[in-house]
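Before any comments, here is the structure.
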Amino acid sequence: MAQTAETHWRKVLIVVPIVGTAVATIIYALRLYARHMVIQKLRVEDVFMGIGLIFTWGVAVCTVYAAFKGIGNGRTIWTLEPRERGSIALV
């Protein structure tokens with residue numbers, strides 16, 4: 001069964017953000033656990049990493065949502081119907 005380029009990139013745009021965000025979350029949790037085991041308080045860089053991780057989750061959710069709608073794999077948002085476009089972004 002041949003896979004089209006559109007199908008391939010759709011899968012890539014779904015899998016990569018999910019796996020990347022999951023790995024980043026696990027690493028951050030392990031960092032906090034190690035910091036706790038050494039009995040150190042949270043430092044400012046831990047807080048900034050947590051904030052950055054929250055932003056990463058947001059970008060991953062938006063990327064996966066757009067991939068399900070067909071954006072990013074050969075189509076731009078401007079090629080969609082106006083109703084469809086409105087469901088993705090406030091344009």
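The values are calculated or read from the model by the stated rules, or taken from the named source; none is laboratory data. Keep in mind that what you see is a predicted model, and the values were worked out from it rather than measured. Because the Cβ atoms are built from the backbone with ideal geometry, glycine has one as well, and the counts that use them run over all protein chains shown.
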**Prompt:** Filtering segment 1-21 down to residues that are of a type in the set (A, V, I, L, M, F, W, C) and in contact with a Gly (Cβ under 8 Å, 6 or more places away or on another chain), which residue is surrounded by the most Cβ atoms within 10 Å (Cβ to Cβ)?
**Reply:** LEU13
**Subset of segment 1-14 (residues that are assigned to a helix (DSSP H, G or I) and touching a helix residue (DSSP H, G or I) at 6+ places or on another chain (Cβ under 9 Å))** = TRP9, ARG10, LYS11, VAL12, LEU13, ILE14
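The rows are residues; the columns are (1) surrounded by 10 or more Cβ atoms within 10 Å (Cβ to Cβ); (2) in a helix (DSSP H, G or I); (3) aliphatic (A, V, I, L, M).
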site: VAL23; (1), (2), (3): yes, yes, yes
site: TYR28; (1), (2), (3): yes, yes, no
site: ARG31; (1), (2), (3): yes, yes, no
site: HIS36; (1), (2), (3): yes, yes, no
site: LYS41; (1), (2), (3): no, no, no
site: MET49; (1), (2), (3): yes, yes, yes
site: THR56; (1), (2), (3): yes, yes, no
**Prompt:** Can you spot a residue in segment 73-86 that is of a type outside the set (A, V, I, L, M) and at pLDDT 90 or above?
**Reply:** no
